[in-house]
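To keep things clear, I will list the structure first and then write my remarks on it.
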Amino acid sequence: MRRRQLCAALAAACASPGLAACVTPAPSANLPAGTKKGGELVYATDREPTCLDPHNNGDLPQTYIARQYLDSLVSMQEDGSVVPWLAESWEISPDGLTYDFSLKQGVEFTDGEPFDAEAVVANFEQIMDPATQSSTALLYLSPYFESAEAVSEHVVRISLKRPYSPLLTVLSQAFFGIESPRAMASGLDENCLAPVGTGPFIVTEWKRNREVVMVRNENYNSAPADAKHQGPAYLEKVTWRFLKDNTARFGALQSGKAQAIFNLPPESVPAATADDSIETDDFVHAGVPFALDLNTTNAALGDVRVRRAIVHASDAEGIVESAYAGVFPYEGNGISSGTPAYDERFHEPYPYDAQRADALLDEAGWTGRDAEGYRTRDGETLALRLPYASDPGETPPADLTIFQNFQAMLKRVGVRIELIPSDAATMTAMKNDPTRYDIQGRYWNSPTPNVMYIKFSQETLEIGNGQNVSQDYDEELDETLLAAAATTDPEEQAALYSKAQENLVAQTWHVTLYPIQTRLAIRSDLVRDIWIEPSEGEPVLHDAYLVREGL
């Protein structure tokens, strides 16, 4: 396993206000002698974004690719601290309500537009505009954001209506990548095809269901302070290929048709481990793990006894182990183990206990049985709908196995689970219509434990974009999380986030399963220096270079 290595000396030198004065070496100037300069990298992944503009919607595949052509204001390091990127420095007011960012000078978007304070303001306005249809970046900001204004040509002020201590780490993600105002003004449909940033690559073509082609930005001069090198990327071209079939994707890596792949299939791990030319790089995401969210507007699931019975009956640890063969660890807490302020006391609050599940269902009044042996109450069968994406890129075979195992485990205690394969349009419509599902498999990756507020708060529920999947909230939980966001005292934050985890466990709004991971498999005999940044597990290709081209 290879972990991120920071260019500490460069970061330290460029973390000062004098970043613009850092020397920008020519491409390939720092490469080992005899290695390949330029060339094309083929990166194969399983999921295709619906839009290349990460301000729209807000799904992981968007951030993974957007990292290659959009820069953010700051960059997050593994210890949670942030370093300069498009912002050279920043000042935070004593009350935590005002952030003044001083921006790099001499930076241009790849369409020739200047990067300045007005451009940053335009980005925040686009994210907050309902027409952008943001379901991720909007939720990060909406409880706190007041305004963005250009104080001068290269100073932008962000004003908040509440203190928001995670703001800098949040802004480091590609969801907040800074885009050209001219490109954004072209309209959502056009901007989805080829957003324009200041980043190391430029999107030139999107062949649907096949690949996105990007070429090097020859004028790139705005790498983050923790990049391995400054200046343009080493690679001349990147082909971001979509191979949702696990066998095909791993086969492309083995044959050298792809130098790197995302999401190494669990069944291919033994072969990859045995191959000296393949290196793996894993990153466990912070945030809310992949879980089966329970819709409390269903009368049965509105009863916490039924929800706890479902968790006890699931044997979540066992079904994860069975489906992923130990590649993904089980996580029973409401936030994953990589999240700051994670409290291990809540790792497995409701272990497998079929007898306890039966007792809880009896207490809830589901004591009858129908002809098939499922529980009934007042003549109604305890049946729950679990729709899932039929596209194997969206629902990998191992996740489908988890759903099937969950269905089998719940049948043992008399709960009927109806698995409903659905197309992408149906799944999108269902997110905003709680009458069409009882259970959904969802997750939310985030560098901050404040993600609990994003996913489970009253404010998220009232926005109504389907991200509060349980369709419920708890006032004490909301108040606890707002208090945690308002303080910068680490001990106070830890205590408040522990209290929030305890509260979330008590609500039992979901059956938690495993933390999301970024899992790269790389042909180390062909390419070097692909690394994973920690704010969202985004692969970084700016520093990558080819050792040789193909086989």
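The values are calculated or read from the model by the stated rules, or taken from the named source; none is laboratory data. Nothing here was measured: the structure is a model prediction, and the numbers come from that model. Positions of Cβ are generated from backbone atoms using ideal geometry, with glycine treated the same way; all protein chains shown enter the neighbour counts. Just the protein is used for accessible areas: all its heavy atoms, side chains included, with ligands, DNA and RNA removed. Shrake-Rupley method; radii C 1.70, N 1.55, O 1.52, S 1.80 Å.
A few notes on this one:
- Those lysines that a straight Cα-Cα span of less than 17 Å connects to Lys455, excepting residues fewer than 8 apart in one chain: Lys431, Lys499
- Pairs of Lys residues in region 173-295 are counted when their Cα atoms are under 16 angstrom apart and they lie 8 or more places apart or on different chains; the count is 4.
- Span-rule helices in the chain, defined as complete DSSP H runs reaching 18 Å or more along the axis (Cα) with Kyte mean at least -0.5: 397-412
- Full extension of the segment from Thr488 to Lys161, taken as 0.36 nm per residue of separation minus the current Cα-Cα distance, would add 116.1 nm.
- Efficiency of FRET from Cβ geometry, Glu462 and Ile420, R₀ 25 Å, rounded to 0.05: 0.35
- Antiparallel bridges, percent of DSSP beta bridges restricted to the chain (to nearest 5): 80 percent
- Ellipsoid equivalent to region 67-178 - semi-axes via the Cα gyration tensor, in Å: 19, 17, 15
- Remark: region 447-551 projects, on average over all directions, an area of 9.9 nm² (convex hull of Cα atoms).
- Selection among Phe176, Pro84, Thr280 by position relative to the dipole of the chain gives Thr280 as farthest towards the positive end (Cβ unit charges, Cα centre).
- For the chain: accessible area per residue (Å², 1.4 Å): 37 Å²
- Where a label projected 7 Å from the Cα of Lys207 along Cα→Cβ would reach, residues of region 253-269 with amide N under 18 Å: 253, 256-260
- Mean separation of Cα contacts under 8 Å, 6 or more apart, over the residue count of region 205-360: relative contact order %: 16 percent
- Separation of region 285-354 from region 193-256 is 35 Å, based on Cα centroids.
- Normalised by residue count, region 333-473 yields a Cα convex hull volume of 148 Å³ per residue.
- Expressed in Å, the radius of gyration and Dmax of the Cα atoms of the chain are 23.7, 77.
- Ordering of 373-386, 450-463 by packing [mean C-beta count within 10 Å, highest first]: 450-463, 373-386
- Rolling a 1.4 angstrom probe over the chain with all protein chains present gives an accessible area of which 47% lies on carbon and sulfur atoms.
- Charged neighbours of Val203, selected by a Cβ distance under 13 Å, balance to -2 (K, R count +1; D, E count -1).
- The alpha-carbon atoms of region 233-328 define a convex hull whose volume equals 168 cubic angstrom per residue.
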